[in-house]
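Peer 1: Below is one structure. I have some questions about it.
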C-alpha cells in the first residue's frame, strides 16, 4: 500500500485591489489563481479537506487553505472553487468578521453550506508566541466556540497567526477541541496516518509564485525545499534576535522601500 502524502497550500489574498503594501507580498492575482487551479487539476491530484486524508484515493493530495478571512476570499476565490467542484479551508479571525475588508457572518455561512472548511485563526490575530497561557486559552476556546455557535459547524482546525507558536500550544489546542494545527513551516505532509495532526506544515503562496514554481512544488523537484527552508530558518533567527514586534516593523518598512524603488 502506498504511503499517503499531501501538499498544503497557504493563500491569503486573491487580487490586489486596495491592499496595504505589506499585504501585497501574499496576494495572488485572480488570473494566476485560475492558472494554479488549472495546474493542480492537470496534475490529477486529489483536492481534499484534512479530515479526508486517511481515506484519500490517491497517494498524493493537495489541501488549499486561506488565512485571515479576507473579503476577496469570498468574492474572488470561493466562486471559482465552487464552479470547479473544489473545496478549501478558510481560517478566520473571529473579531475581524463583519469588519471592512473581511468576510461577513453571512459569507461564512454560505461557503460553509457549500462544503468549504471553516477553521479558527484566533480571536484577535495576536501572535500566540506573545500571549500568556490564559490569553492563549481564551483565543483558542472563544474563537472556536463563537464559530461553532454562529455557523452551526464543527470547528477542529486552527492556523497560527503569523506562524508564531506558543510552548503550550498543542496541549491547550487539544484541550480546546482542536485536532488539526496548521503552521507556516515550509514542508510537505508525509506518511499520513490518523490524527490528531498538531504540526501541519504548509507551502506559502506569494505574489511571485508562478505556474512553473508551483509545478516544481507539486512535483517535489529536488532543491525546492532546502532553499525555502533556509529562508524560513534565517527569518526565525532574525525574529529571535530582535523580537517579533521589531521584526514586523522592519518587514513593513522593507515592503514600503521595495514599492518605492
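The values are calculated or read from the model by the stated rules, or taken from the named source; none is laboratory data. Computed from a predicted model, the values in this text were never measured in an experiment. Neighbour counts are summed over all protein chains in view; Cβ atoms, including those assigned to glycine, are modelled from backbone coordinates with ideal geometry.
Peer 1: Kindly indicate whether residue 11 is within 30 Å of residue 101 (Cβ to Cβ), surrounded by 16 or more Cβ atoms within 10 Å (Cβ to Cβ), modelled with pLDDT under 95 and touching a strand residue (DSSP E or B) at 6+ places or on another chain (Cβ under 7 Å).
Peer 2: No: the conditions fail for residue 11.
Peer 1: Consider residue 123 carefully, then state whether it is in a helix (DSSP H, G or I), touching a helix residue (DSSP H, G or I) at 6+ places or on another chain (Cβ under 7 Å) and either crowded, with 18+ Cβ neighbours inside 10 Å or without any contact (Cβ under 8 Å) to a residue 24 or more places away in the chain (or both).
Peer 2: In short, no.
Peer 1: Now for a different question. Run residue 36 past the list (1) surrounded by fewer than 20 Cβ atoms within 10 Å (Cβ to Cβ); (2) at pLDDT 95 or above; (3) out of contact with any strand residue (DSSP E or B) (no Cβ under 7 Å at 6 or more places or on another chain) and report the number of the one that doesn't hold.
Peer 2: (1)
Peer 1: Something else: Considering only residues that are in a strand (DSSP E or B) and surrounded by fewer than 17 Cβ atoms within 10 Å (Cβ to Cβ), which ones fall in segment 176-197?
Peer 2: Selection gives nothing.
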